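Working notes, structure below.
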Amino acid sequence: MNTTSADRTRLLGWATALAIFTIAYNLGEGAIAITASLAARSQALLGFGFDSAVESISATVFLWRLRAERRDPERAEQVEHQATRLIGISFFILAAVVAFEALRSLIGGEPPDASPVGIALTAASLIVMPILAWKKRQVATELDSRAGLADSAQTFACVYLSAVVLAGLILNSLLGWWWADPAAALGIVSLLLNEGREALFDDD
């Protein structure tokens, strides 16, 4: 996409602001989710908290790529490639963590308690994250940045994970379907693996 120097500077500023917001929001969200998961023994909520941490890492990597271009535009292509691959790796890390915690819960058969905090947190994420993800994808598209698109995919993954975890938490709370909690976590693993594969192996 052809942009003027002034337009690109503006887009870089927007992308930087969105990355910083993503990091700050997810650090807070992750801390709340992990605390609530320990209180309720919810593996899906614990996976959600780890997702927030990985998403912060993804946004930090993209922020590194943005700042590299600001300092030295000629290095943008090299850093873009490295950042895309690092974000791809973060998808695989998240998939492994979520799968491990969910399987451990299913095999152990330990029912989690209801978590009103977890329900409120994931519901809030379903409001904030879709808006953030679409804005990040829009800016990344205008920048023609694969790293930015991979980072926005991380945020979209958080949207899907929020919906699945929220459903599991509600089913457990209302119907006592304890298995819905870890099953909900497993439901997102294939999506995460696919996004990681695309970032790692489709980067040309």
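Key figures
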quantity: Any hit, region 106-119, residues being hydroxyl-bearing (Ser, Thr, Tyr), in contact (Cβ under 8 Å) with a residue 60 or more places away in the chain and in a helix (DSSP H, G or I); calculated: no
quantity: Filter result (assigned to a helix (DSSP H, G or I) and surrounded by 23 or more Cβ atoms within 10 Å (Cβ to Cβ)) within region 181-194; calculated: ASP181, PRO182, ALA184, ALA185, LEU192
quantity: Conditions (1) among the aliphatic types (A, V, I, L, M); (2) in contact (Cβ under 8 Å) with a residue 60 or more places away in the chain; (3) surrounded by fewer than 20 Cβ atoms within 10 Å (Cβ to Cβ); (4) touching a Pro at 6+ places or on another chain (Cβ under 6 Å); number of the one not met by VAL159; calculated: (2)
quantity: Total residues in region 9-45, condition assigned to a helix (DSSP H, G or I), at pLDDT below 85 and open to solvent by 20 Å² or more (accessible area, probe 1.4 Å); calculated: 1
quantity: Unmet requirement for ALA102, which otherwise passes all of (1) surrounded by 19 or more Cβ atoms within 10 Å (Cβ to Cβ); (2) under 20 Å from LEU12 (Cβ atoms); calculated: (2)
quantity: Residue match in region 132-148 (condition: open to solvent by 20 Å² or more (accessible area, probe 1.4 Å), small (Gly, Ala, Ser) and part of a helix (DSSP H, G or I)); calculated: no
quantity: Complete set of residues in region 162-180 that are of a type in the set (S, T, N, Q) and open to solvent by less than 20 Å² (accessible area, probe 1.4 Å); calculated: SER162, ASN172
quantity: VAL97 crowded, with 24+ Cβ neighbours inside 10 Å, β-branched (Val, Ile, Thr), in a helix (DSSP H, G or I) and touching a residue at least 12 places away in the same chain (Cβ under 8 Å); calculated: no
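The values are calculated or read from the model by the stated rules, or taken from the named source; none is laboratory data. Quick caveat, the model's predicted, so the values are computed rather than measured. A quick note on method: Cβ atoms are made from the backbone with ideal geometry, for glycine too, and the neighbour counts reach across all protein chains shown. Note: areas computed on protein heavy atoms with side chains; ligands, DNA, RNA excluded. Shrake-Rupley method; radii C 1.70, N 1.55, O 1.52, S 1.80 Å.
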